[in-house]
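A short worksheet on the structure shown next.
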Amino acid sequence: MAFEDDNFMDDEFDVNELVDRFESMIKQDKSCYFDADELNVILEHYLQHDNIKKANIAADIALKFHPDNPMIQIIKAKQLLANSHAQEALSTLKNATVDKEDADYQITLGSCYSDLGESKKAINAYMKAVKAFDYKECEDLFNFIAIEYENLGDINKALEFFIKGLNRSIDLDNQYFEIRNCYSMLNRMDDAIDFFKNEIDLNPYSVEAWMALSNCYIRLNRLDDAIEQLEYVLAIDPHNKKAYNDIATAYNETGRFKETLVIVDEATRYNAETPLLLCLNGEACAKLGDPAEAMRCYKKAMKLDENLPEAYAGIGFILSDENNPQSAIKFLKHAHTLAPNNTDYMFVLAEEYNKLNDYDKSIKIVLDIIDIDPYDENAYIALMECYVLKDDPENAFVAINRGLDTLGNNAPLLYRKAFLHFAENENESGLLTLEIALNLDYDGHIEFLNFDAENLTNNESVMELIEEYRIKNKNNTIN
């Protein structure tokens, strides 16, 4: 793990000049003198930029020409660490005859412990380095420490050090992501909003801060607030492709499809159109009743990015709406291949197989959905429906009971279990199950009656029980 600041060893080093001289030497295959400290800085530069090949060259030269310099032991340890030999690097450091309070030594030691999964020891080493630097310009070290606390599951401490390590002059997107993620894991998104509002107060033209704030609102499903922040982003930077993608997504999620079309036109004017934005435009067109234009958008997106799952899925959805399951399946299967964990595509794919009476394939897909997300009630409902269509009531009960075992007393599942009981003429069991469902969610009875309106509404016991809970629910509301 390399230290972010090339000048952390000695402010007098001109890193760029050193690196240029070193690369010139390699290119021209000539000898050029570098002392051990210079080679250490060159090595750090290459490690920072993940250029292990040139880092090895720098280390080899140092080991060859300065074998007796104490610094060589640290350089050797860094080389071993860079080549995934953390245990050997640690042994080298422990046997080194150098000042073990030195910051460079402690940083390298901390990196060894980090690679070995010993986060507490890594934190201890990094903190010694922080003290050696007198707590000044230690942003990278604070971030290293934050990551170790994250590995330990101490998210409060991780957040504290990510904030301490905030360096507003570089890579704010990633720093803000880590901070936002910590707030999210701590269920403190309101605090995250306050934090990023303060960042905006510090720099009202910070696109990164506005984007981070919008993402906080997205995580809270406050999409109208997210849209407002994204509008500020686009006012500052009308070429921001990520903002166009996010705002179009939010418009579609909130049913503002006409506004999606407007924002896509704006993006096109600023040459900020992306394949994903075309897919979002296609989705909006489909929702507005223009499948031909939607298809054109999806096909254009596909040409720009042949591996974009949203494009294939979008075409699959249109073909599904047109009741063309065989063609829909081809596109949905490819979308699923490109995005194997996207359960939205899988649900529609299962429905298309149902249309073809190919229930076994549909069941397999739904079981895969349950493997991906065992807490999605819709998966158990879909599985039950597959078995109902297959005329297999026994396994339909198994599907619903599996969901209830996982989710506990879940009203939508209980209403469907009650329906299954009534369909099998198990009136008493149906009423017992229906009562539990009514007690959990009275309003769910409306959907329940639609499962089989003729038979259920003509069942006096069912209607009497629903009426009983209507009165009870009304009294509870008044009280």
Exercise for the section: Please express the Cα-Cα pair-distance distribution P(r) of the stretch 47-147 as a list of whole percents, one per 10 Å bin, running from 0 to the bin with the greatest distance. Expected result: 17, 46, 33, 4
Problem - Pairwise label distance in nanometres, Glu467 with Glu101, each label 7 Å out on the Cα-Cβ vector - result: 8.8 nm
Handout entry: More than 17 Å apart - percent of Cα-Cα pairs taken over the stretch 397-441
Key = 23 percent
Completion exercise
Gyration tensor (Cα only) of the stretch 210-339 to equivalent ellipsoid, semi-axes in Å sorted down, yields 27, 15, 14
Handout entry: CD proxy at 222 nm, helix term only [per DSSP H run n ≥ 4: -39500 (n - 2.57); per residue of the chain; nearest 500]
Key = -24000 deg cm²/dmol
Completion exercise
One finds, for Tyr33 and Asp265 with R0 = 56 angstrom and r their Cβ-Cβ distance, a FRET efficiency to the nearest 0.05 of 0.35
Problem - Gap separating the Cα centres of the stretch 118-142 and the stretch 235-294, nearest whole Å - result: 45 Å
Exercise for the section: Give the residues of the stretch 32-76 whose amide nitrogen is closer than 18 Å to a point set 7 Å from the Cα of Glu17 in the direction of its Cβ. Expected result: 32-43, 45
Completion exercise
Percent relative contact order for the stretch 127-240, counting Cα pairs under 8 Å at least six residues apart, stands at 16 percent
Fill in the blank from the handout: Magnitude of the Cβ-charge dipole (Lys and Arg +1, Asp and Glu -1) of the chain about the Cα centre, nearest 20 debye, reported as 680 debye
Practice task
Measure nothing fancy, just the Cα-based angle from helix 207-219's long axis to the longest principal axis of the chain, in degrees from 0 to 90, nearest 10.
Solution key: 30 degrees
Handout entry: Extension gain from Asn425 to Ile52, taking 0.36 nm per residue of separation minus the Cα-Cα distance
Key = 127.1 nm
Problem - Percentage relative contact order, the stretch 332-409, counting C-alpha pairs under 8 Å, at least six apart - result: 22 percent
Practice task
With a probe of 1.4 Å, find how much accessible area the chain has per residue, and write the answer as a whole number in Å².
Solution key: 52 Å²
Handout entry: R0 of 45 Å, Cβ-Cβ distance Asp201-Leu116: FRET efficiency to nearest 0.05
Key = 0.60
Completion exercise
Placing +1 on each Lys and Arg Cβ and -1 on each Asp and Glu Cβ in the stretch 257-356, then taking the dipole about the Cα centre, the residue among Leu356, Ala313, His336 whose Cα reaches farthest towards the positive end is Leu356
Handout entry: Packing-based order for 259-266, 106-113, 168-175, using average beta carbon neighbours within 10 Å, highest first
Key = 106-113, 259-266, 168-175
Problem - Accessible surface of the chain, 1.4 Å probe, proportion on carbon and sulfur as whole % - result: 45 percent
Practice task
Could you estimate the translational diffusion coefficient of the chain from the Stokes-Einstein equation, with Rh from the Kirkwood formula over C-alpha pairs, at 10 °C and 1.306 mPa s, in whole µm²/s?
Solution key: 57 µm²/s
Problem - Relative packing of peptides 189-198, 22-31, 272-281 - highest average C-beta neighbours within 10 Å first - result: 272-281, 189-198, 22-31
Completion exercise
With +1 at each Lys and Arg Cβ and -1 at each Asp and Glu Cβ, the charge dipole magnitude of the stretch 40-183 around its Cα centre, to the nearest 20 debye, comes out at 200 debye
Handout entry: Potential lengthening between Lys474 and Asp358 on full extension [0.36 nm per residue; Cα-Cα distance subtracted]
Key = 37.3 nm
Handout entry: Computed FRET value (nearest 0.05) for Leu152 with Asp60, which takes r as the C-beta separation and R₀ as 51 Å
Key = 0.90
Problem - Gain in span if fully extended, Tyr375 to Ser327, counting 0.36 nm per residue against the direct Cα distance - result: 14.2 nm
Exercise for the section: Using only alpha carbon pairs under 8 Å that are at least six residues apart, calculate the relative contact order of the chain and give it in whole percent. Expected result: 5 percent
Practice task
Have a look at Asn174, Ala77, Ser184 and report the one farthest towards the positive end of the charge dipole of the stretch 71-211, computed about the Cα centre with Cβ charges (Lys/Arg +1, Asp/Glu -1).
Solution key: Ala77
Practice task
Give a residue-ordered list of calculated ³J(HN,Hα) values for the stretch 164-180 (Karplus: 6.51 cos²θ - 1.76 cosθ + 1.60, θ = phi - 60°; whole Hz; x for Gly, Pro).
Solution key: 4, x, 5, 10, 6, 9, 9, 6, 5, 4, 5, 5, 5, 4, 5, 5, 4
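The values are calculated or read from the model by the stated rules, or taken from the named source; none is laboratory data. Just so it is clear, the structure is predicted and the values come from calculations on it, not from any experiment. Counting neighbours? That spans all protein chains shown, and the Cβs are built from the backbone with ideal geometry, glycine included. Just the protein is used for accessible areas: all its heavy atoms, side chains included, with ligands, DNA and RNA removed. Shrake-Rupley method; radii C 1.70, N 1.55, O 1.52, S 1.80 Å.
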